[in-house]
Amino acid sequence: MNAPAPWKRPDPLPGPVVTERTVVRWWEPSDAEGLHVAVAEDREALLPWLPWAAKEHASVDESAQIINRFTRDRNFPESLDFVMGIFEREGGEVIGGTGIHRIIPEDLTGEIGYWVRGSRQRQGYCTEAVAALITAGFDAWGFRRIKICCSNLNKGSVGVLENLGLRFEGEEREARWLPGVGWDNHRTYAVLADEWDREAERVRGS
Ligand SMILES: CC(C)(COP(=O)(O)OP(=O)(O)OC[C@H]1O[C@@H](n2cnc3c(N)ncnc32)[C@H](O)[C@@H]1OP(=O)(O)O)[C@@H](O)C(=O)NCCC(=O)NCCS
């Protein structure tokens, strides 16, 4: 069997992903205050799963610097890391963050990560936005496989993955140290392009 052509970043990069209630798009400099508030108003809601949430975004200025870094990383031609925000479609408030990370071009694989601010959790926003981002990941970004990893103890994240029907592929035991948790078991879920139902926005038959 011939090796597939490796993944190449689309040029131009795909545009925003729009769902019924959300828009997933690049962070802009003008989002700095919204990003700072979304994280700082309830850090506990993001912990212990995202250790950066304990300290980062301490000020609007720091959030502006972080957005600059996201932009710089994205514009680097060899970038394998694309950070995005999740915004309310009506009104534009920051709902959370997501992105496509740890791309392996030879394997046409990308990994999606996500968070939703405390005041917007458990309202279906993550499921809605990530479902649409997976569709874009296959159809606009050109991946063949998308994976999402989370702790076995992270009920919110496991809930999202069960909603989307992603396949549980296994668990690496004590794979990382999480402050407040200890040695954490790290799960991998994934979906292949040909098993993703674009209409239903979930894994076919799940
Ligand atoms: C994980 C996270 C992004 C989920 O976002 P969300 O918008 O609240 O998720 P959804 O509302 O789409 O919920 C998905 C499912 O999980 C369930 N769920 C969400 N949070 C839950 C919790 N804390 N405990 C139990 N179930 C939960 C929901 O009830 C829902 O199931 P349902 O559709 O059957 O009702 C959010 O909880 C978060 O930001 N957590 C902290 C950061 C984090 O863990 N990021 C992921 C790292 S892998």
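Counting alpha carbon pairs within less than 8 Å and at least 6 residues apart, what relative contact order, in whole percent, applies to the chain?
About 19 percent, as a whole number.
Protection proxy ranking of 103-115, 3-15, by the mean of other Cβ atoms within 10 Å over each peptide's residues and highest first, is 103-115, 3-15.
For the chain, the dipole from Cβ point charges (+1 on Lys and Arg, -1 on Asp and Glu) about the Cα centre works out to 300 debye, to the nearest 20. Model label points for Ser59 and Glu195, set 7 angstrom from Cα along the Cα-to-Cβ axis, are 4.9 nm apart.
How long are the three semi-axes of the equivalent ellipsoid for the range 2-97, computed from the Cα gyration tensor as the root of 5 times each eigenvalue, in whole Å, largest first?
26, 17, 14
Adding -39500 (n - 2.57) for every DSSP H run of four residues or longer, then dividing by how many residues the chain holds, sets the calculated 222 nm ellipticity at -7500 deg cm²/dmol.
Using the Cα atoms of the chain to build a convex hull, what is its mean projected area in square nanometres?
Taking the Cα atoms of the chain, their convex hull projects to 12.0 nm² on average.
Counted by neighbouring Cβ atoms within 10 Å, the residues Phe143, Phe168 run from fewest to most as Phe168, Phe143. Taken about its Cα centre, the range 45-167 carries a charge dipole of roughly 320 debye when the Cβ of each Lys and Arg holds +1 and the Cβ of each Asp and Glu holds -1. Work out the charge dipole of the chain with +1 on the Cβ of Lys and Arg and -1 on the Cβ of Asp and Glu about the Cα centre, then indicate which of Trp27, Cys149, Gly113 is farthest towards its positive end. Result: Cys149. Note on the chain: with a GNM built from Cα contacts shorter than 10 Å, the maximum mean-square fluctuation among Gly99, Gly124, Gly165 falls on Gly124. Cβ crowding within 10 Å ranks His57, His186, His101 as His101, His186, His57, fewest other Cβ atoms first.
Taking R0 as 30 Å, what FRET efficiency do you get between Val37 and Trp177 from their Cβ-Cβ distance, rounded to the nearest 0.05? Between Val37 and Trp177 the formula returns 0.55. For the chain, the antiparallel share of DSSP beta bridges with both residues in that region comes to about 90%. Length available on full extension from Asp73 to Glu169: 0.36 nm per residue minus the Cα-Cα distance, which gives 31.6 nm.
The numbers here are math on the coordinates, done by the rules we state, and not lab data. Computed from a predicted structure; not experimentally measured. Glycine gets a Cβ as well: all are built from the backbone with ideal geometry, and neighbour counts include every protein chain shown.
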